[in-house]
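S.K.: Have a look at the structure that comes next, please.
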Amino acid sequence: MDKRYSANLTWEPFLWYEMRIVADLLKQWLDKKEIKEKIINENIFQYKTTKSIAKRLSCIFRRLNSLDEYLLDRLSIWDIDDSKIISLYAIYKDSFLVYDFLNEFIKDKIELRQLDISDSEIMSFLNSKAREHIEMNEWTENTLKKIKQILKNILIWAWIIESKKIHQPVLSYSLKQHISDNLDNNFIISLWF
């Protein structure tokens, strides 16, 4: 994972639907070029235009690269709860900003039992990170606002935030054990209380 913060989240949202499709195509032993052609030719993502597909696929392949075979398999076939957490995990492994957001901001709120979450708190987190990470000084106020919205939406899509409150995610015991035992126990610790 790149240790620098990136504003890529502004055009790389949750992409759960698309990640499941690509994971399924990878399981069919298609290579990246074949997957791209199939998605464009058959309009599998159901986008109005094909302009953003290449950029989105680059992000999706990068995220899916952080998953082992077990998670890749589960992403494409398991229930919605597990697949959304696997998607969140892929983003967590791909984005240093999301990694810090979960390990610092969300984890701290859970530990303090302060489960309400507001836009201003997320902006405060981003502003504190801007003091630590000089690359964020190049971001505009609009970029910060968009990142704040995307961070919040990622957690809403993953069913971590509902009605402006943090909720413990629902997922299978086997998935929780697999991530904890084989991959990244910090991810599990940051979300479970």
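S.K.: Kindly indicate whether any position in segment 112-127 is surrounded by 18 or more Cβ atoms within 10 Å (Cβ to Cβ), in contact with a Phe, Trp or Tyr (Cβ under 6 Å, 6 or more places away or on another chain) and assigned to a helix (DSSP H, G or I).
M.R.: The answer is yes, given that some residue of segment 112-127 is surrounded by 18 or more Cβ atoms within 10 Å (Cβ to Cβ), in contact with a Phe, Trp or Tyr (Cβ under 6 Å, 6 or more places away or on another chain) and assigned to a helix (DSSP H, G or I).
S.K.: Could you list all residues from segment 165-193 that are assigned to a loop (DSSP other than H, G, I, E, B) and out of contact with any Asp or Glu (no Cβ under 6 Å at 6 or more places or on another chain)?
M.R.: The answer is H167, Q168, P169, D184, W192, F193.
S.K.: Name the pairs whose Cβ atoms lie under 6 Å apart, with the first residue in segment 70-85 and in a helix (DSSP H, G or I), the second of a type in the set (D, E), and 6 or more positions between them or separate chains?
M.R.: R74/D82; S76/D24
S.K.: Taking L75 and the conditions (1) in contact with a His (Cβ under 9 Å, 6 or more places away or on another chain); (2) buried (at least 21 other Cβ atoms within 10 Å of the Cβ), which numbered condition does it fall short on, given that it satisfies the others?
M.R.: It fails just one condition, (1).
S.K.: Yes or no: segment 128-144 includes at least one residue that is open to solvent by 30 Å² or more (accessible area, probe 1.4 Å), touching a helix residue (DSSP H, G or I) at 6+ places or on another chain (Cβ under 7 Å) and part of a helix (DSSP H, G or I).
M.R.: Within segment 128-144, one or more residues are open to solvent by 30 Å² or more (accessible area, probe 1.4 Å), touching a helix residue (DSSP H, G or I) at 6+ places or on another chain (Cβ under 7 Å) and part of a helix (DSSP H, G or I).
S.K.: Can you tell me how many residues within segment 38-69 are among the basic types (K, R), surrounded by 12 or more Cβ atoms within 10 Å (Cβ to Cβ) and either at pLDDT below 90 or not in a helix (DSSP H, G or I) (or both)?
M.R.: 1
S.K.: Just checking, which of K152, K165, K146 is more than 24 Å from L15 (Cβ to Cβ), modelled with pLDDT of 90 or more and of a type in the set (K, R)?
M.R.: Going through K152, K165, K146 in turn, the sole match is K165.
The values are calculated or read from the model by the stated rules, or taken from the named source; none is laboratory data. Quantities reported herein were computed from a predicted structural model and do not represent experimental measurements. Neighbour counts run over all protein chains shown; Cβ positions are idealised from the backbone, glycine included. Ligands, DNA and RNA are stripped out before the accessible areas are found, and what is left, the full protein with its side chains, is counted by its heavy atoms. Shrake-Rupley method; radii C 1.70, N 1.55, O 1.52, S 1.80 Å.
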